[in-house]
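*Asks:* Please find one structure pasted underneath; my questions will follow.
The values are calculated or read from the model by the stated rules, or taken from the named source; none is laboratory data. Keep in mind it's a predicted model, so treat the numbers as computed, not measured. Note that we place each Cβ from the backbone using ideal geometry, even for glycine, and neighbour counts take in every protein chain shown. Keep in mind that these areas ignore ligands, DNA and RNA; they rest on the heavy atoms of the full protein, side chains included. Shrake-Rupley method; radii C 1.70, N 1.55, O 1.52, S 1.80 Å.
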Amino acid sequence: ANYPFNNWRLGFSPVGMFGVAVGINGPNPQADDPLSQTLSISKSTDRGETWQEEDITELLWGFPWAVAVPSDDVAYILCSDKLVKYTP
């Protein structure tokens, strides 16, 4: 994959065209730990050749344990103890 950011988790749909990556966006303003990071979601629709960072409304933070992309229109991200459903 041609992902330009420091990514922690990456997944592609079974066909492989749609990909989702979770990477570091910056420090977490809600945490006492200065090393805690907020996370960003990026998507690819061309097998990882190009990536577009998504503007998400909820703040994601913690450790992304897993990314599952069961189809071209949904992905699931397990982030610390929270399961986030992402639809592009």
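*Asks:* If DNA, RNA and ligands are ignored and the probe is 1.4 Å, what is the ranking of Asp55, Asp72 by accessible area, most exposed first?
*Replies:* The residues order as Asp55, Asp72, largest area first.
*Asks:* OK, next. If you add up the charges near Pro14, with Lys and Arg at +1 and Asp and Glu at -1, over every other residue whose beta carbon is less than 13 angstrom from its beta carbon, what do you get?
*Replies:* -1
*Asks:* While we're here: Tabulate in residue order the Karplus-calculated ³J(HN,Hα) for region 62-76, using 6.51 cos²θ - 1.76 cosθ + 1.60 with θ = phi - 60°, rounded to whole Hz; enter x for Gly and Pro.
*Replies:* Running phi through 6.51 cos²θ - 1.76 cosθ + 1.60 with θ = phi - 60° gives x, 9, x, 6, 7, 10, 10, 10, x, 8, 7, 10, 7, 9, 10 Hz.
*Asks:* What is the sum of charges, Lys and Arg at +1 and Asp and Glu at -1, for the other residues whose Cβ falls under 12 Å from the Cβ of Gln52?
*Replies:* -4
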